[in-house]
Amino acid sequence: MTKLPLALTVNGEPAEALVDPAKTLLEVLREDLNLTGTKHGCELGECGACAVLVDGQPVLSCLLVAHECAGREVVTVEGLVDDGRLHPLQECFADLGGSQCGYCTPGILITAKALLDREPNPSRDLIREALSGNLCRCTGYQQIFDAVEAAAQRAREDQQ
Amino acid sequence: MTTKSFGVVGRPRRRVDGRAKVTGQTKFADDLSFPRMLHCRLLRSSVPHGRIVSMDTAKAEALDGVHLVLTGEHFPVAYGILPVSHDEHALCRDVVRFVGDPVAAVVARDEATAEAAVNLIDVQYETLRTIASPAEALAHPEPRIHEYGDFGNVHKAVALQFGEVDDAIAGADHVFDDLFFFEGNTHLPLEQHATVAIKDPDGKLVVYSSTQTPHYLHRALAKALGLPAAHIRVVATPNGGGFGGKSDPFNHEVVAAFAALRLDRPVKICLNREEVFYCHRGRHPVLMRFRTGVSNDGKITGLDLQTLLDGGAYGSYGVASTFYTGALQTVTYDIPTYRFRGCRTFTNKPPCGPKRGHGTPQSRFGQEVQLDKIAEKLSIDPADLRLNIVQPPDSLTANFLRVRTIGLADCIRTVVERSGWRDKFRKLPHGKGVGLACSSYLSGAGLPINWNDLPHSGVQLKLDRSGGVTVFCGATEIGQGSDDVLVGLVAEVLGLEPFDIRAVTGDTDLTPVDLGSYSSRVTLMMGNAAIQAAERARELIAEGVSGKLGIPKDRLTFAERRVFDAEDPGKGCTFQEAVCMAEAKFGTLGTTGSYTPPRSPARFKGGGVGPSPTYSYTAAVVEVDVDPDTGWITVPRVWIAHDIGRALNPTLVRGQVEGGVYMGLGEALMEEQAFRRLPPTLSHAVVHKFPSMLEYKSPTSLDMPEVITDLIEHPDPAGPFGAKEVGQGPLLPIMPAVANAVYDAVGVRVDSIPVTPEKILRALEAKAAGKPARSGPTSFPDVPWPEVLRVTPPWAGGDGRASNDPDRPKNTRVDAGVEARAAKAAWEKSKS
C-alpha cells in the first residue's frame with residue numbers, strides 16, 4: 001500500500017513519518033518512531049499493554065489507525081519524565097514494587113496518569129476500576145494500587 | 001572481619017532495575033532492532049495428527065520481498081530440554097503432532113510479507129487418528145504419537161514405594177479414597193515470545209531471546225545447528241513474564257538462528273498471542289487418586305497416590321513433571337509410608353511443561369482438599385490436624401528428601417490468628433466460608449537437567465581503581481528480581497549500596513553459567529555463589545587495606561562505602577581507596593564464586609526429582625462468598641504466611657507472594673487451557689477453546705481480593721543470609737484453600753480445578769437430589785503400571801536405594817544409611 005505522510009505531536013514534539021495507511025498507532029510508535037516503551041501483548045485490545053494518551057485520553061494504540069491521529073497529541077511512557085524528573089507515578093511504581101517484569105508497566109502508568117489527571121485523590125475502588133483493562137500477570141495488583149495511591153499523595157504534596 | 005548488622009539485606013527498597021522498567025527503557029527482545037533486519041513467520045499445522053504428504057512452497061518463494069523459505073528438510077537434528085526426550089525438530093519433518101506444530105518458515109522484508117507468504121504454502125496431510133486425552137492414549141496404543149516412550153502412547157510410567165504402605169493403610173483406623181482433577185492452564189505472560197538472531201561481524205551466531213534458560217537454549221542451538229557452543233552467544237533479554245513458559249528451547253529460536261546464519265542478516269521473530277497459547281508448555285491436566293490411611297488422632301499412616309498426566313504432543317519437561325506430582329507431599333507432612341505411581345501420556349495437543357509450581361500444584365490440591373475431608377470426618381479443626389502432622393525439621397522423608405528448617409507451623413498459626421479462623425470456620429452464615437491449605441516448594445532443584453559435576457551457578461566480580469564493581473552471572477531476569485538479589489548480596493558483603501554495582505546477566509559470552517530462572521533456584525544458588533565471590537573480593541581488599549593502614553584484617557569492617565577499623569571507625573578509607581590498595585598489592589582484581597547443591601541421599605531411579613538444598617513453606621486462608629442460587633463465587637480476602645527464611649528485599653518478596661496468590665486465584669477460579677474437537681467434516685482437529693486474552697479468563701484488578709501477607713523469617717543455613725525461595729510456593733495453597741472455603745460456605749465439594757459456578761451449582765443440585773454433594777471425577781482408568789521400585793524408608797534402615805532395581809549400582813557411597821539413621825534419631829528426638 002502507498003505510504004502517506006503523517007504528522008502528529010508525540011511527547012510534546014512534532015513527529016513526521018511516511019506511514020502505510022493500515023498501520024496502527026502502536027506500530028508507528030514502535031517501528032517508525034522507535035519509541036519501544038509502548039508494548040504489545042495481544043494486538044487485539046485485550047491486555048492494555050499498549051495504552052497511550054491521545055489528546056489526554058487513554059486509548060489502546062493497537063486498535064487505533066495511526067492516520068486517525070494526524071495532528072493530535074500523543075503521550076507515551078517516554079513522555080512521562082518531565083524536565084529530567086520521573087513522574088511521581090514512576091517514582092512510586094519503582095519504589096513500591098508496582099513493576100516486576102515491567103512489561104505491562106508503561107500501559108498501566110499511562111492509564112494511571114489519565115486517572116490522576118482527572119481525579120487527583122482517587123479511592124482504591126476507583127483505581128481498581130480505572131486499571132481494570134490493564135492485565136498484569138506478576139504483581140497481583142496490590143503494589144500497583146499502593147503505588148498509585150502513594151503517587152497521588154506525592155503529586156498533591158508537590159502542588160502545595 | 002565482622003559484619004555488625006545488615007546494610008542492604010532486609011531493607012525494603014527499589015529494585016536495581018526499577019528505573020528502567022518505569023521509564024520504558026528495559027529492552028525486551030521485540031524492542032531490539034538492527035540495520036537490514038528481516039522478519040520471520042511460521043506456518044503451523046492445521047491438523048492435530050498427520051503425515052506431511054506434500055509441501056509446495058513455490059508461490060511463497062516467488063512473492064516479492066521473500067528472502068528464504070524453510071521446511072523440515074533444513075532441520076535434521078532433534079533437540080529437547082531433557083536429555084531423555086530430544087523429540088522436537090525446529091520444523092516438522094514428516095509427522096505433525098498438534099494443531100500449531102510448526103511446519104515451515106518464511107523470512108521476508110517485513111512481518112506482513114512473511115505472513116502473506118506463509119499463507120501461500122500448500123501443505124497436504126494424511127490425517128492420523130487423533131489422541132485427545134489420557135484415556136484415549138491408554139485405549140489406543142496405535143498410532144503412536146512418538147516412536148519412543150515407555151509403550152504405546154504412554155510417555156512415562158513410574159512406580160515407587162517407600163515402606164509397607166498397603167499394610168499401613170489396611171491397618172489404619174480410617175481410609176480415605178478420593179479422586180481429583182486439575183485442568184491445565186497456561187502462563188499467559190504479557191510479553192509474547194520473541195527472538196532476534198544475528199551473525200556477528202566475526203561470523204558467529206548471536207541470539208537475543210525472551211528465554212528463562214539461556215544456558216539450555218545455548219546447548220540446544222549448538223546441537224540443532226551443529227555448531228560449536230563456543231561460537232554461539234545467547235543473550236537472555238529481560239523476560240516480560242515467564243512463569244515457566246519460556247524455559248524450553250523453542251522452534252522459533254532455532255529457526256531464526258538458522259535463517260540469520262544462512263542470510264547473514266539479522267532475523268526477528270515475534271509470536272502472536274494465539275501462537276503463545278499453542279506453544280504452551282504449561283500446567284499439565286492431572287487426574288489423581290489419593291488413598292490415605294489415617295489414625296483416629298489424625299495422623300497419616302500411609303499414602304498411596306496415583307497421577308495421570310495429559311502431556312500433550314512432546315516430551316518437554318514431562319518426565320520431571322510426572323515425578324514432581326509425587327515428590328513433595330512428604331516434605332510437608334509426616335507420611336511414614338508412601339507409594340507413588342505416575343503416568344504421562346502423549347496427546348495431540350500443545351505440549352505441557354513447567355508452570356509455576358511445576359507438577360506439584362495438582363497433587364497439592366488433592367492432598368489439601370483430602371486433608372479437609374479427613375478433618376471433617378474426624379471432627380478435628382483443619383488447622384490443628386495439619387499442625388499435628390507437620391514434617392519435623394532437619395529430617396529425611398520416607399522418599400529420602402532432606403528437610404532443613406521448616407516454618408510451616410508458624411505459617412499455619414499466623415494465618416489462623418490473622419484471619420480470625422477460630423471465629424469463622426464453620427461459623428459463618430450460609431454462603432460465606434473460609435478454607436485453609438498449606439504447601440511446600442523447592443529452593444532450587446538439587447540436580448541439574450544435564451547430569452554432571454559442574455556448578456549450578458557461577459558469579460564473577462570485577463573491581464578496579466574507579467571503585468566500580470561489576471558482577472557477572474548467567475542468571476536471567478524474568479521480573480522476579482534476580483538482578484536485584486545479585487547486586488544486593490554483593491553490596492551487602494562489600495558495604496556498598498546496590499546502585500553502586502553494575503550487573504551483567506544472562507549472556508553466555510560474558511557471564512559464567514547459571515542454569516536459569518526455573519525451579520525457584522536463583523536466589524539460593526546464584527545468591528550463594530555471589531556471596532562467595534564477594535567474600536573473596538572482600539578478603540583481597542582487606543589484605544590491601546590492612547597492609548597499607550596497619551589495621552588487623554579481622555578488625556576491618558565494610559559498611560557505608562568505607563572500609564574501617566571496627567574498634568576505631570574513624571580510622572579507615574573509602575571503598576574506592578581500599579580497592580586501589582588491593583589493586584596495588586595484587587594487580588588486576590577479580591574473583592569468582594560457585595554454587596553446587598549438596599548431594600541427595602536418594603539413590604533410586606527417580607530420586608533425582610524432589611531434592612533441594614532447602615524447602616519453603618506456606619499456609620493460606622481464603623475467604624469466599626458463594627451465591628447458592630447461581631454458584632457465583634467471589635473472594636474478598638486472602639491471608640497468607642510464607643516461610644521465606646530471610647527476606648532479602650521485602651518489597652520484592654511481598655510482590656512475589658501477592659503475585660503467587662493472584663496467579664493461584666486465576667487457576668482456582670477461571671483459567672483453563674481447554675480444548676475441543678472440531679466435527680469430522682472440519683478435520684476432527686483438537687483446537688484450543690479460546691486462544692485469546694479476552695476469552696481465556698484471568699483475574700483483573702477488579703477480581704483481585706485484599707491480600708494480607710506475613711513473612712516468617714527463620715534464616716536457613718543453606719540459603720544466602722538464610723533466604724529461601726518465594727517465586728512459586730505461595731501459589732500452591734490457594735487452589736485447595738478456595739475449594740475448602742467453598743465447602744465451608746455451601747457444603748459441597750468441588751474436587752476439580754477450576755472451581756467454577758457451574759461446578760458449584762452441579763454439586764448443589766446433586767446435594768438437593770440426595771446424591772453425593774460433590775462435583776469431580778468419578779473414576780481413574782486402569783494404567784498398566786510398571787513393577788514398583790521398592791525403597792526402604794530411612795527409619796527402617798534404608799540406604800536410599802531400591803531393593804529391586806535391576807540396574808542397582810554396586811559401588812556407590814553408602815553414607816546414606818548412616819545419614820538416614822542419624823536423621824531418624826533426630827526425628828525421634830524432635831517428636832518426644
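The values are calculated or read from the model by the stated rules, or taken from the named source; none is laboratory data. Small disclaimer: the values here were computed from a predicted structure and weren't measured. Here the Cβ positions follow ideal geometry from the backbone for every residue, glycine too, while neighbour counts run over all protein chains shown.
Look at (1) away from chain A (no Cβ under 14 Å); (2) in a strand (DSSP E or B) and you find that B:MET735 fails only one, number (2).
Tell me, please, whether a residue that is facing chain B (nearest Cβ under 7 Å) and part of a helix (DSSP H, G or I) can be found in the range A:108-120.
yes
State whether the residues of the range B:97-106 include one that is out of contact with any Ser or Thr (no Cβ under 6 Å at 6 or more places or on another chain) and farther than 24 Å from B:PHE277 by Cβ. Scanning the range B:97-106, I find no residue that is out of contact with any Ser or Thr (no Cβ under 6 Å at 6 or more places or on another chain) and farther than 24 Å from B:PHE277 by Cβ, so the answer is no. Among the residues making up the range A:122-154, those that are surrounded by fewer than 18 Cβ atoms within 10 Å (Cβ to Cβ) and either touching a strand residue (DSSP E or B) at 6+ places or on another chain (Cβ under 7 Å) or more than 10 Å from every other protein chain (Cβ to nearest Cβ) (or both) are A:SER123, A:LEU126, A:GLU149, A:GLN153, A:ARG154. Checked against the criteria, A:LEU26 does not count as in contact with a Ser or Thr (Cβ under 7 Å, 6 or more places away or on another chain), within 8 Å of chain B (Cβ to nearest Cβ) and free of Cβ contacts under 8 Å to residues at least 40 places away in the same chain. Among the numbered conditions (1) free of Cβ contacts under 8 Å to residues at least 12 places away in the same chain; (2) closer than 26 Å to B:ALA20 by Cβ; (3) not β-branched (Val, Ile, Thr), the only one that A:LEU126 does not meet is (2).
Candidates are the residues of the range A:72-99 that are among the hydrophobic types (A, V, I, L, M, F, W, C), more than 7 Å from chain B (Cβ to nearest Cβ) and in a helix (DSSP H, G or I); the one that is farthest from the chain's Cα centre (by Cα) is A:CYS92. Selection of the range B:655-685 for residues being assigned to a loop (DSSP other than H, G, I, E, B) and of a type in the set (D, E, K, R) yields B:GLU671, B:GLU672. The set of residues from the range A:108-121 being without any contact (Cβ under 8 Å) to a residue 40 or more places away in the chain and crowded, with 24+ Cβ neighbours inside 10 Å comprises A:LEU109, A:ALA112.
Taking every residue in the range B:53-72 that is under 15 Å from B:CYS92 (Cα atoms) and pairing it with any residue that is assigned to a loop (DSSP other than H, G, I, E, B) and of a type in the set (D, E, K, R), at least 6 positions away or on another chain, the pairs with Cβ-Cβ distances below 9 Å are B:THR71/B:ARG93; B:GLY72/B:ARG93; B:GLY72/B:ASP94. Within the range B:500-525, which residues are under 17 Å from B:LYS724 (Cα atoms) and assigned to a loop (DSSP other than H, G, I, E, B)? Matches in the range B:500-525: B:GLY516, B:SER517, B:TYR518, B:SER519, B:SER520, B:ARG521. Right, A:ALA51: in the same structural domain as A:ALA155 (by TED's automatic domain parsing) and either at negative phi or not small (Gly, Ala, Ser) (or both) or not? No, not satisfied.
Between B:ILE551, B:ILE531, B:ILE541, which is assigned to a loop (DSSP other than H, G, I, E, B) and outside the structural domain of B:PRO720 (by TED's automatic domain parsing)?
B:ILE551
Note on the range B:110-129: residues that are under 36 Å from the mean Cα position of the chain (by Cα) and of a type in the set (Asp, Glu) total 3. Considering only the range B:479-489, I want to know if a residue exists there that is free of Cβ contacts under 8 Å to residues at least 60 places away in the same chain, more than 24 Å from B:SER5 (Cβ to Cβ) and surrounded by fewer than 24 Cβ atoms within 10 Å (Cβ to Cβ). No: the range B:479-489 contains no residue that is free of Cβ contacts under 8 Å to residues at least 60 places away in the same chain, more than 24 Å from B:SER5 (Cβ to Cβ) and surrounded by fewer than 24 Cβ atoms within 10 Å (Cβ to Cβ).
Here B:VAL47, B:VAL69, B:VAL84 are screened, and the one residue that is farther than 18 Å from B:THR195 by Cβ, away from chain A (no Cβ under 14 Å) and within 25 Å of the chain's Cα centre (by Cα) is B:VAL84. Apart from one condition, B:VAL8 fits all of (1) surrounded by fewer than 21 Cβ atoms within 10 Å (Cβ to Cβ); (2) more than 14 Å from chain A (Cβ to nearest Cβ); the exception is (1).
For every residue, the table says whether it meets (1) of a type in the set (Gly, Ala, Ser); (2) buried (at least 19 other Cβ atoms within 10 Å of the Cβ).
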residue	(1), (2)
B:PRO35	no, no
B:LEU38	no, yes
B:LYS59	no, no
B:ASP64	no, no
B:LEU70	no, yes
B:PHE75	no, yes
B:TYR79	no, yes
B:VAL84	no, no
B:ALA90	yes, yes
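Answer yes or no as to whether A:GLY102 is touching a strand residue (DSSP E or B) at 6+ places or on another chain (Cβ under 7 Å), assigned to a loop (DSSP other than H, G, I, E, B) and at the interface with chain B (Cβ under 7 Å from one of its Cβ atoms). Spelling it out, it is not the case that A:GLY102 is touching a strand residue (DSSP E or B) at 6+ places or on another chain (Cβ under 7 Å), assigned to a loop (DSSP other than H, G, I, E, B) and at the interface with chain B (Cβ under 7 Å from one of its Cβ atoms). On the given criteria, is B:ARG262 surrounded by fewer than 21 Cβ atoms within 10 Å (Cβ to Cβ), at pLDDT 95 or above and closer than 18 Å to B:HIS89 by Cβ? Taking the combined requirement at face value, the residue satisfies it.
Among the residues of the range A:132-149, those identified as outside any loop (DSSP other than H, G, I, E, B) and out of contact with any Asp or Glu (no Cβ under 9 Å at 6 or more places or on another chain) are A:ILE144, A:PHE145, A:ASP146, A:VAL148, A:GLU149. Put simply, of B:SER692, B:SER698 the only residue that is under 21 Å from the mean Cα position of the chain (by Cα), among the hydroxyl-bearing types (Ser, Thr, Tyr) and within 14 Å of another protein chain (Cβ to nearest Cβ) is B:SER698. Scanning for something touching a strand residue (DSSP E or B) at 6+ places or on another chain (Cβ under 8 Å), at positive phi and not assigned by TED's automatic domain parsing to the domain that holds B:GLN480, does the range B:64-72 turn up at least one residue? Yes, there is a match, as at least one residue in the range B:64-72 is touching a strand residue (DSSP E or B) at 6+ places or on another chain (Cβ under 8 Å), at positive phi and not assigned by TED's automatic domain parsing to the domain that holds B:GLN480.
No other residue among A:CYS47, A:CYS69 is within 14 Å of another protein chain (Cβ to nearest Cβ), closer than 26 Å to A:SER132 by Cβ, modelled with pLDDT of 95 or more and touching a Leu at 6+ places or on another chain (Cβ under 6 Å) apart from A:CYS47. Could you go through the range B:600-616 and let me know if any residue there is aliphatic (A, V, I, L, M) and either assigned to a loop (DSSP other than H, G, I, E, B) or over 22 Å from the mean Cα position of the chain (by Cα) (or both). Within the range B:600-616, one or more residues are aliphatic (A, V, I, L, M) and either assigned to a loop (DSSP other than H, G, I, E, B) or over 22 Å from the mean Cα position of the chain (by Cα) (or both). Residues in the range B:306-321: is at least one assigned to a loop (DSSP other than H, G, I, E, B), within 24 Å of B:LEU408 (Cβ to Cβ) and either assigned by TED's automatic domain parsing to the domain that holds B:PHE425 or hydrophobic (A, V, I, L, M, F, W, C) (or both)? No, the range B:306-321 contains no residue that is assigned to a loop (DSSP other than H, G, I, E, B), within 24 Å of B:LEU408 (Cβ to Cβ) and either assigned by TED's automatic domain parsing to the domain that holds B:PHE425 or hydrophobic (A, V, I, L, M, F, W, C) (or both). With respect to the stated conditions, B:ALA763 fails to be without any contact (Cβ under 8 Å) to a residue 12 or more places away in the chain, more than 30 Å from B:ALA641 (Cα to Cα), of a type in the set (A, V, I, L, M, F, W, C) and assigned by TED's automatic domain parsing to the domain that holds B:PRO354.
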